[in-house]
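Worksheet: the structure to be examined is printed underneath.
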Amino acid sequence: MASEKGSQPVGRQRGNRPILENEDMRDVLIAEEGGWKVEPPISSRLWQKSALGKTIEGGAVLLSPAEALFCHWHRNLALPKNFMTEMLATNQRFLHEAVAIEAIRSGGEILSICVEDSPHGNLQCANTWGMRWERISHPSKDLPVSQVRWFISSDDLDLVDLQSWVRDVEKMGQRAEVVVVDSEYYSTIYHLSSPDPRGKLKPPSEIQAPVLGEEVDYFIQYENWPLPNIGVSQAGGISLDSTEKKWLENYLQGAEHAGDAYLLNELLERGLLARPGFKYGCKWRVYDDDISKSHAPWLMSIESEMPRSWEEACLRARLSAGVNKKWVCIQQSPDGASFLSIERILLGR
């Protein structure tokens with residue numbers, strides 16, 4: 001479509017969230033220890049309609065600095081003089097946090113920031129930043145649907161911490177969600193889960209082991225190969241990669257598995273089929289049935305391939321979604337293997 005006369009073609013429009021100063025804005029923010037107080041009647045509307053802030057005595061609500069900035073953008077509340085300068089001097093991540101609040105609330109969802117005596121605080125897990133309700137619900141009468149954390153895209157990724165948090169949240173009956181804000185103040189929301197992938201193939205422990213020589217080679221001449229989820233049929237034999245070769249050696253010798261062979265064994269015993277994930281940038285693409293019968297639902301990365309930042313994790317999750325698969329991290333744990341899935345979501349749709 002042609003642009004208007006005298007104008008230049010533009011790309012994606014970026015909202016810069018300006019700080020506004022006009023007579024129509026309500027000057028109601030009062031500095032208090034721990035945040036910014038808003039008194040009735042405006043406080044009643046903020047809480048009853050949007051569950052913004054923490055209710056305090058006298059019918060007032062106490063907003064966090066990031067909530068106060070959100071209310072400036074979306075609830076027509078004026079900011080005190082030098083608000084941005086003073087808040088950023090105290091917390092350089094404060095603006096990113098306000099964008100994270102906006103990301104959750106932009107579709108009409110409700111987000112309650114976790115503070116002392118927050119609604120349903122008994123459900124709050126360690127490191128949870130806020131709790132989310134669907135637009136038709138309210139903290140005063142309903143349970144939250146999710147617990148939320150937020151990060152800047154350049155933040156380090158601690159998968160051990162995330163896995164522990166996700167398990168705790170799921171035990172409480174909520175979803176685990178993360179908001180990631182980048183350096184341009186764009187935000188993306190992810191659902192984190194602990195999947196339990198299972199397949200239809202017979203696990204090796206239920207199959208009679210093949211009779212081979214003393215050493216296992218990378219290529220095995222064998223008719224009627226009994227392990228359909230190990231090796232690739234090629235040139236009249238079975239070709240193994242290094243992980244499969246090590247797994248087969250342990251399997252035939254009755255030795256304990258370790259490292260990548262341990263993780264492969266966990267997948268095989270779940271009835272899954274693991275094939276190389278080279279073209280997807282991961283260790284394995286994992287099937288729940290024979291390759292001829294299904295597509296691979298999962299792309300799995302092992303510990304040595306784990307992303308180091310949220311930028312890397314978000315890229316992998318997005319690439320996986322682009323080929324209709326879920327990206328999953330697999331790690332060894334005391335109970336066998338643990339899984340963490342990161343999937344991009346759109347709230348309110």
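The values are calculated or read from the model by the stated rules, or taken from the named source; none is laboratory data. Worth saying up front: this structure is predicted, and the values here are computed from it rather than measured. Please note: Cβ atoms are built from the backbone with ideal geometry, for glycine as well, and neighbour counts cover all protein chains shown.
Things worth noting here:
- Sole residue being surrounded by fewer than 17 Cβ atoms within 10 Å (Cβ to Cβ) and modelled with pLDDT of 95 or more, chosen from Pro203, Pro195: Pro195
- Criterion (touching a strand residue (DSSP E or B) at 6+ places or on another chain (Cβ under 7 Å) and loosely packed, with under 14 Cβ neighbours inside 10 Å) met by exactly one of Tyr218, Tyr222: Tyr218
- Hits in segment 225-257 - residues which are in a loop (DSSP other than H, G, I, E, B) and in contact with a strand residue (DSSP E or B) (Cβ under 9 Å, 6 or more places away or on another chain): Trp225, Leu227, Pro228, Asn229, Ile230, Gly231, Ala235, Leu240, Asp241
- Filter pass, Ala261 being under 26 Å from Ser233 (Cβ atoms), small (Gly, Ala, Ser), surrounded by 22 or more Cβ atoms within 10 Å (Cβ to Cβ) and in contact with a helix residue (DSSP H, G or I) (Cβ under 8 Å, 6 or more places away or on another chain): no
- Every listed requirement among (1) part of a helix (DSSP H, G or I); (2) more than 25 Å from Glu206 (Cβ to Cβ) is met by Cys282 save one, (1).
- Boolean, Val28 is at pLDDT 95 or above and either in contact with a Lys or Arg (Cβ under 6 Å, 6 or more places away or on another chain) or over 26 Å from Ile152 (Cα atoms) (or both): no
- Residues of segment 305-324 classified as of a type outside the set (Asp, Glu), surrounded by fewer than 20 Cβ atoms within 10 Å (Cβ to Cβ) and at negative phi, total: 10
- Count of segment 310-349 residues which are charged (D, E, K, R), closer than 18 Å to Glu177 by Cβ and in contact (Cβ under 8 Å) with a residue 40 or more places away in the chain: 4
- Within segment 111-129, the set of residues being touching a Pro at 6+ places or on another chain (Cβ under 9 Å) and either polar (S, T, N, Q) or within 14 Å of Ala51 (Cβ to Cβ) (or both) comprises Ser112, Ser118, Pro119, His120.
- Search result, residues across segment 267-304 that are without any contact (Cβ under 8 Å) to a residue 40 or more places away in the chain, among the hydroxyl-bearing types (Ser, Thr, Tyr) and either surrounded by 14 or more Cβ atoms within 10 Å (Cβ to Cβ) or in contact with a helix residue (DSSP H, G or I) (Cβ under 8 Å, 6 or more places away or on another chain) (or both): Ser301
- Subset of segment 221-266 that is without any contact (Cβ under 8 Å) to a residue 12 or more places away in the chain and charged (D, E, K, R) - its residue that is nearest to Leu201 (Cα to Cα): Glu223
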